[in-house]
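Colleague: Sharing a structure, written as structure tokens. Questions coming.
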Amino acid sequence: MKKILTFLLCVMGVLSANAQQAPINIDLWQNGLPNSNGIDKTQPYDDSKQNFKPSIRVFLPEASKATGRAVVCCPGGGYSHLATDHEGYDWAPFFNERGIALIVLKYRMPHANTDVPISDAKEALRIVRENAQKWNIDPKKVGIMGSSAGGHLASTVATHSTPETAPNFQILFYPVVTFDYKYTHKGSRHGLIGENASQEMVDLYSNELQVTSLTPPAIMLLSDDDTVVPSQNSVNYYLALKKCGVKATMCIYPSGGHGWGNRTNFKYHNEMMSDLSAWLKSF
């Protein structure tokens, strides 16, 4: 009987240690939208029509593991849709196991209104910091992460915010950074600033041109054979960061194309996970 009891207690201990907290879903704009993309006020929201309700899903690590860090995650999708699974929710176990909260953002598609997704991302950061004490988060350890067009949104917030409201670090997967037609992803450019944008707008949202010494540190992870978002996006951003004395790391894998996110069929998945883990441990 004693052995059975001991076994049951051990099993319960393992289950308790491995139990993940249920995610928390929060609407971003509970007092009404601050701006509109033209379709977001036609209720109800419908993901199948790319009319996303601006919200966050909060994945918290166990309190005993919490490091105080958090990452607001912006999935990609060319500013026309959202890849919320492999570029969003699927990352929760990786970060939670390392004591880092993951907050996945469902941002609204811009339809050429730049304020729409940017305000959603900034509000997500604000909400995380507002709830920092409750969620065991240090408000000075809140980073932003983005993939593809989500990487453009993340780097935009990182380069277009005041030091008080900016993220504290950036994680960018195969990001769109520039809107220069030589290297950009045209769909992302047209989605955010339209097809007939002025050169002023192109330059403003070419984030390699907006880096300063106050831009937060970054890591970029991408494939050399990416033909959707050329590697020059990350290379030029890396060079701009280094020119301004900002810490930056870039990991370029020999192949894999675009959009692999947390998918295990990416040939260099294990190496990528190890590189990201090592970078997170470096500061």
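Colleague: Which of the following residues is surrounded by 24 or more Cβ atoms within 10 Å (Cβ to Cβ), under 15 Å from L241 (Cβ atoms) and not basic (K, R): L153, L172?
Modeller: L172
Colleague: Taking only segment 89-115 into account, find how many residues are assigned to a helix (DSSP H, G or I) and either free of Cβ contacts under 8 Å to residues at least 40 places away in the same chain or not charged (D, E, K, R) (or both).
Modeller: 8
Colleague: Name the residue, out of A63, A70, that is buried (at least 18 other Cβ atoms within 10 Å of the Cβ), farther than 30 Å from K186 by Cβ and among the small types (G, A, S).
Modeller: A70
Colleague: Scanning for something under 12 Å from the mean Cα position of the chain (by Cα) and outside any helix (DSSP H, G or I), does segment 116-129 turn up at least one residue?
Modeller: Within segment 116-129, none of the residues are under 12 Å from the mean Cα position of the chain (by Cα) and outside any helix (DSSP H, G or I).
Colleague: Kindly provide the set of residues from segment 156-169 that are among the hydroxyl-bearing types (S, T, Y) and either within 19 Å of M250 (Cβ to Cβ) or buried (at least 24 other Cβ atoms within 10 Å of the Cβ) (or both), ordered by number.
Modeller: Result: T156, T159.
Colleague: Among the residues of segment 41-67, write down those that are in a loop (DSSP other than H, G, I, E, B) and aliphatic (A, V, I, L, M).
Modeller: Scanning segment 41-67 gives L60, A63, A66.
Colleague: Identify, from the list S213, S223, S231, the residue that is of a type outside the set (A, V, I, L, M, F, W, C) and either loosely packed, with under 13 Cβ neighbours inside 10 Å or modelled with pLDDT under 95 (or both).
Modeller: None of the others qualify; the one that does is S213.
Colleague: While we're here: I'd like the full set of residues that are out of contact with any helix residue (DSSP H, G or I) (no Cβ under 9 Å at 6 or more places or on another chain) and surrounded by fewer than 20 Cβ atoms within 10 Å (Cβ to Cβ), limited to segment 239-259.
Modeller: Result: K242, K243, C244, G245, P254, S255, G257, H258.
Colleague: In segment 141-255, which helices (runs of 4 or more DSSP H) lie fully inside it and hold 1 or more residues that are within 17 Å of the chain's Cα centre (by Cα) and touching a residue at least 60 places away in the same chain (Cβ under 8 Å)?
Modeller: 149-159, 186-193, 232-243
Colleague: Name, by its number, the condition in (1) assigned to a loop (DSSP other than H, G, I, E, B); (2) over 17 Å from M145 (Cα atoms) that does not hold for N270.
Modeller: Of the numbered conditions (1) assigned to a loop (DSSP other than H, G, I, E, B); (2) over 17 Å from M145 (Cα atoms), the odd one out for N270 is (1).
Colleague: Before we move on, is G194 in contact with a strand residue (DSSP E or B) (Cβ under 9 Å, 6 or more places away or on another chain), on the phi > 0 side of the Ramachandran plot and surrounded by 13 or more Cβ atoms within 10 Å (Cβ to Cβ)?
Modeller: no
Colleague: Can you find a residue that is within 29 Å of T42 (Cα to Cα), without any contact (Cβ under 8 Å) to a residue 40 or more places away in the chain, surrounded by fewer than 24 Cβ atoms within 10 Å (Cβ to Cβ) and of a type in the set (K, R) anywhere in segment 120-134?
Modeller: Yes, the conditions are met somewhere in segment 120-134.
Colleague: Let me ask something else about it. Checking the condition closer than 26 Å to S206 by Cα and in contact with a Leu (Cβ under 9 Å, 6 or more places away or on another chain), which residue from I144, I127 passes?
Modeller: I144 is the lone residue from the list that is closer than 26 Å to S206 by Cα and in contact with a Leu (Cβ under 9 Å, 6 or more places away or on another chain).
Colleague: Only one residue in K53, K3, K41 is at pLDDT 95 or above and either out of contact with any Phe, Trp or Tyr (no Cβ under 6 Å at 6 or more places or on another chain) or within 30 Å of H111 (Cβ to Cβ) (or both). Which one?
Modeller: Of the residues listed, the single one that is at pLDDT 95 or above and either out of contact with any Phe, Trp or Tyr (no Cβ under 6 Å at 6 or more places or on another chain) or within 30 Å of H111 (Cβ to Cβ) (or both) is K53.
Colleague: Just for segment 260-283: of the residues that are surrounded by 15 or more Cβ atoms within 10 Å (Cβ to Cβ) and touching a His at 6+ places or on another chain (Cβ under 8 Å), which one is farthest from Y238 (Cα to Cα)?
Modeller: The residue in question is N262.
Colleague: What number of residues within segment 156-166 satisfy the criterion of being touching a Pro at 6+ places or on another chain (Cβ under 8 Å) and more than 14 Å from S213 (Cα to Cα)?
Modeller: So the answer is 1.
Colleague: Which ones in segment 20-40 are on the phi < 0 side of the Ramachandran plot, in a loop (DSSP other than H, G, I, E, B) and touching a residue at least 12 places away in the same chain (Cβ under 8 Å)?
Modeller: Listed by number, the residues that qualify are Q20, Q21, P23, L28, W29, L33, P34, N35, S36, N37, I39, D40.
The values are calculated or read from the model by the stated rules, or taken from the named source; none is laboratory data. Predicted model only: the values in this text are computed from it and were never measured. Don't worry about glycine lacking a Cβ; one is built from the backbone with ideal geometry, like all the others, and counts go over all protein chains shown.
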